[in-house]
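Written out below as structure tokens is the structure these notes cover.
The values are calculated or read from the model by the stated rules, or taken from the named source; none is laboratory data. The structure displayed is predicted, hence computed values, not measured ones. All Cβ positions, glycine included, derive from the backbone under ideal geometry; neighbour counts span all protein chains shown.
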């Protein structure tokens, strides 16, 4: 990287660049904070939706326990077939 020697003719340019770098650092810091807030908000929304899905699933299982058991049995059977098929291949 080249270095610039400060001379009376370029002092103003160097000071302007220093000021712009300080502003850029401040802007990056602000952007980072904003991104953290957005990510935290999206994570909370995702967690809330997942919890809502779990609650709805629990409610449906409670309303229809026999059908839920049959669905679980069928899903387990299919997974077992797929695993067995993969072992045989």
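The listed residues are 20, 52, and the only one of them that is modelled with pLDDT of 95 or more, over 30 Å from residue 5 (Cβ atoms) and surrounded by 10 or more Cβ atoms within 10 Å (Cβ to Cβ) turns out to be 52. Report every pair of residues separated by at least 6 positions or lying on different chains whose Cβ atoms are under 9 Å apart, first residue within region 67-89 and at negative phi and modelled with pLDDT under 95, second assigned to a helix (DSSP H, G or I) and exposed (fewer than 10 other Cβ atoms within 10 Å of the Cβ). Once the first residue is at negative phi and modelled with pLDDT under 95 and sits in region 67-89, its partners that are assigned to a helix (DSSP H, G or I) and exposed (fewer than 10 other Cβ atoms within 10 Å of the Cβ) give 68/62. Of all the listed residues (5, 57), the sole one being free of Cβ contacts under 8 Å to residues at least 12 places away in the same chain and not in a helix (DSSP H, G or I) is 5.
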